Amino acid sequence: MKPRSRREIPAVNKVLDALGEYDLATASKLPRPLVVDVVRRGLSKIRSDSEIPEFESTVERLHRSLELFRAGRLQPLINGTGIVIHTNFGRAPLTPEAVRALTEIGSGYSNLEYDLATGDRGHRGAYIENALALLCGAEAATVINNCAAALVLIVHHFAARNGRARPPGAPSKNEVIVSRGELVQIGGGFRIGEIIEAAGATLREVGATNKTTLDDYRRAIGLGSAMILKVHRSNFVMSGFVESPSAAEIAALARKKRIPFVEDLGSGAVVPTEQFNIAEHEPTPSDALKAGADLVCFSGDKLFGGPQAGIIAGKKRFVNALKREPLFRALRCDKLCFAALQATIDLHLNQAVTKIPAIGLLQVAEDELRNRAAVIRNGLSDLQLQIEIGRSRAKVGGGTLPKSTMSSVTIEIVPRHCSPADLAARLRKSAPPLIGYIANNRFKIDLRTILPHQDAAVADAIRAACTK
């Protein structure tokens, strides 16, 4: 076959016309400038190849590129993995009240920083801060954009900023004391130690990985000590020959030595997790503050059930000092975060936590899940497809309650004309995408993490994927 000349590479407009005829669905969901850019970059890559493809092959290749590009848009999906607080899927689903608040606040103007009583400039988040303080049993509270940022702000204030403000000749007071057994790695590869050092502090590790005593803390405290940090091991479990002092013991030592004691709780549980039919107890902000912590920080989008946020609660003088930091403005939340968080806080204060989707999913009875699975399976009986109802153990996820699982129900599909991996790929392309997992050569969908109103969409996605 005669090699094709680069002159035969089609013009952008010709490809765009062909893509419109080929499949309008993909291109129509993307702004035209983005489609043109993808096509131009694709044609540029073809020019650098040693072989020039036929026109039809070029169009098909660019169509696939557009599909991959479109798949990167933020979009809803159905979580059939059995992981309730799935970090990759946006963690906790928001409540209907929070979604309504987003619409009401986001679609117009609001009193974000306006005092309706006086007509003057107001304080951002005043209602939320007072409500959070009450909920946590704290003197004061505030909010920034995530829990890692909360830790950065706290460390920056106590260690980096105070260390620079020392008198001439005085030792640098910028050490943050942490047990080696609590130097955890959180999502995305971020490590607590690296976050502390990035905030301008010096990490002072104490104890061993599996065993840290109160004496280890006592010996580490010196003129350079800025604070003691306790990090809740919320995403892993240590067992066997392990030991660590209680928060109350560390707090008493910190008071005696006159240095702040901060506890990073991470998961955001503000009610006893035993209420979720889970035996494992997750420490709450109220627990930590009663034990003597000066400050606690935790996430708003895990067991708290709200938007991404870093909540700080504790002694008023420390909270106020944090809010005066220039870094606080760079980390503060916007009106949409406040709107969703405010609605979620109100549900907690009204003791209506069962309305919070993440908590509601943890409490659904297995019999109810089995009945829903039977309805979905029966609705697909005409497909002559091997569909079975199985059992599984769902997880809380999101770096919370690592020891706890709960009984759940799965829909298990053994595809006849494709592999389970091919079926999974097809379901990821459904609208909305349906995500499950493969085990024992079966594609499985866990009902624990599927909201009841999504059952019909699950059946439709399976039908479409298995009849292609």
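The values are calculated or read from the model by the stated rules, or taken from the named source; none is laboratory data. Owing to the predicted nature of the structure, the values given are computational and were not obtained by experimental measurement. We place every Cβ from the backbone using ideal geometry, glycine too, and count neighbours over all the protein chains shown.
Working only within the stretch 89-135, note down all residues that are among the hydrophobic types (A, V, I, L, M, F, W, C) and over 27 Å from Val396 (Cβ atoms). Answer for the stretch 89-135, where residues must be among the hydrophobic types (A, V, I, L, M, F, W, C) and over 27 Å from Val396 (Cβ atoms): Ile105, Leu112, Leu116, Ala117, Ala126. From the set of residues in the stretch 258-272 that are over 16 Å from the mean Cα position of the chain (by Cα) and part of a loop (DSSP other than H, G, I, E, B), which is surrounded by the fewest Cβ atoms within 10 Å (Cβ to Cβ)? Of everything passing the filter in the stretch 258-272, Arg258 is surrounded by the fewest Cβ atoms within 10 Å (Cβ to Cβ).
Output the residue which, of all residues in the stretch 258-267 that are of a type outside the set (Val, Ile, Thr) and touching a helix residue (DSSP H, G or I) at 6+ places or on another chain (Cβ under 8 Å), is farthest from Ala226 (Cα to Cα).
Result: Gly266.
Going through the stretch 182-221 one residue at a time, which ones are part of a helix (DSSP H, G or I) and either closer than 23 Å to Asn146 by Cα or not assigned by TED's automatic domain parsing to the domain that holds Glu263 (or both)? Matches in the stretch 182-221: Glu182, Gly187, Gly188, Gly189, Ile192, Gly193, Glu194, Ile195, Ile196, Glu197, Ala198. Checked against the criterion of being among the β-branched types (Val, Ile, Thr) and in a loop (DSSP other than H, G, I, E, B), the stretch 83-90 contains one or more residues that satisfy it. Reported count of residues in the stretch 294-329, each being basic (Lys, Arg) and assigned to a loop (DSSP other than H, G, I, E, B), is 3.
Working only within the stretch 430-459, note down all residues that are out of contact with any strand residue (DSSP E or B) (no Cβ under 9 Å at 6 or more places or on another chain) and free of Cβ contacts under 8 Å to residues at least 40 places away in the same chain.
Ala431, His453, Ala456, listed by residue number.
Please work out which residue is farthest from the chain's Cα centre (by Cα), limiting yourself to the stretch 300-334 and to residues that are among the basic types (Lys, Arg) and over 20 Å from Val99 (Cα atoms). Once the filter is applied, the top-ranked residue is Arg317.
Within the stretch 394-416, the set of residues being among the charged types (D, E, K, R) and at pLDDT 95 or above comprises just one member, Glu412. Scanning the stretch 429-462 for residues that are under 24 Å from Arg70 (Cα atoms), charged (D, E, K, R) and at pLDDT 95 or above returns a single hit, Asp460.
Conditions tested, residue by residue: (1) modelled with pLDDT of 95 or more; (2) touching a strand residue (DSSP E or B) at 6+ places or on another chain (Cβ under 9 Å); (3) surrounded by fewer than 22 Cβ atoms within 10 Å (Cβ to Cβ); (4) not assigned by TED's automatic domain parsing to the domain that holds Asp37.
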site: Gly82; (1), (2), (3), (4): yes, yes, no, yes
site: Thr87; (1), (2), (3), (4): no, yes, yes, yes
site: Ile105; (1), (2), (3), (4): yes, no, yes, yes
site: Asn111; (1), (2), (3), (4): yes, no, yes, yes
site: His123; (1), (2), (3), (4): no, no, yes, yes
site: Ala133; (1), (2), (3), (4): yes, yes, yes, yes
site: Ala138; (1), (2), (3), (4): yes, yes, no, yes
site: Leu153; (1), (2), (3), (4): yes, yes, no, yes
site: Arg161; (1), (2), (3), (4): no, no, yes, yes
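Just one of the listed residues (Ala421, Ala339) is part of a helix (DSSP H, G or I), under 30 Å from Ala148 (Cα atoms) and either over 20 Å from the mean Cα position of the chain (by Cα) or not acidic (Asp, Glu) (or both), and it is Ala339. Report yes if some residue within the stretch 89-97 is at pLDDT 90 or above and loosely packed, with under 13 Cβ neighbours inside 10 Å; otherwise report no. The answer is yes; a qualifying residue exists. Only residues that are more than 20 Å from Ala159 (Cβ to Cβ) and buried (at least 19 other Cβ atoms within 10 Å of the Cβ) were counted in the stretch 314-341, giving 6. Counting the residues of the stretch 46-63 that are in a helix (DSSP H, G or I) and surrounded by fewer than 12 Cβ atoms within 10 Å (Cβ to Cβ) gives 4. Exactly one residue out of Ala465, Ala456 is within 21 Å of Thr95 (Cα to Cα) and over 23 Å from the mean Cα position of the chain (by Cα): that is Ala456.
Take the conditions (1) touching a His at 6+ places or on another chain (Cβ under 6 Å); (2) without any contact (Cβ under 8 Å) to a residue 60 or more places away in the chain; Glu325 misses just one of them, which is (2). Kindly indicate whether Ile221 is modelled with pLDDT of 95 or more, crowded, with 16+ Cβ neighbours inside 10 Å and in contact with a Ser or Thr (Cβ under 7 Å, 6 or more places away or on another chain). No: the conditions fail for Ile221. Within the stretch 1-51, if we keep just the residues that are farther than 13 Å from Leu66 by Cβ and of a type in the set (S, T, N, Q), the residue that is modelled with the lowest pLDDT turns out to be Ser5.
For the stretch 225-240, does any single residue satisfy the condition of being surrounded by fewer than 20 Cβ atoms within 10 Å (Cβ to Cβ), modelled with pLDDT of 85 or more and over 21 Å from the mean Cα position of the chain (by Cα)? Checking the stretch 225-240: not a single residue is surrounded by fewer than 20 Cβ atoms within 10 Å (Cβ to Cβ), modelled with pLDDT of 85 or more and over 21 Å from the mean Cα position of the chain (by Cα).
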